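Heads up, the thing below is written out as structure tokens.
The values are calculated or read from the model by the stated rules, or taken from the named source; none is laboratory data. Model, not experiment: these values are computed from the prediction. Neighbour counts run over all protein chains shown; Cβ positions are idealised from the backbone, glycine included.
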Amino acid sequence: MTDQLHRVRYTLVFLWMLLPIHVGAQTLEDVPHPGQELLETYCTVCHNLDYVEMQPRLTQKQAQNLWANTVKKMVQLYGAEIPNRLTQQAIIDYLILQSERFSAPHHASAEEDADISHTQTNFVPQ
């Protein structure tokens, strides 16, 4: 009987060790992307973040082109004060990651070779 009890105890301890401990620990999803804070800091000076959510579903390549061109436009044409290229790239990377997440099922999907130039944000910051 004692051997069986020991086996049960060892099994329970082993299973307990396999369970993740979440008290005070962060999971990967809890850690924000570096671009998130930068986006919220630099982009919301002039507008809200609804423009991210309003984009159609895009391929990875289309999302890369859209967000790179949009950030470039904000800096060059509208004077967005994003301090350097590394900061701009972190924002672009974050926007690309969010493109799929924010694409609502009812939005149209763009074909791989579709012209998406008209989908670029065309608002004027206030």
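Might you check whether a residue that is in a loop (DSSP other than H, G, I, E, B) and in contact (Cβ under 8 Å) with a residue 24 or more places away in the chain occurs anywhere in the stretch 67-79? Checking the stretch 67-79: at least one residue is in a loop (DSSP other than H, G, I, E, B) and in contact (Cβ under 8 Å) with a residue 24 or more places away in the chain. One residue stands out in the stretch 42-74 among those that are more than 16 Å from the chain's Cα centre (by Cα) and among the aliphatic types (A, V, I, L, M): the one that is modelled with the lowest pLDDT, namely V45. Per this entry, T87 is counted among residues that are within 14 Å of P34 (Cβ to Cβ) and within 16 Å of the chain's Cα centre (by Cα). Looking only at the stretch 52-74, residues that are crowded, with 16+ Cβ neighbours inside 10 Å and within 15 Å of Y42 (Cβ to Cβ) come to 5 in all.
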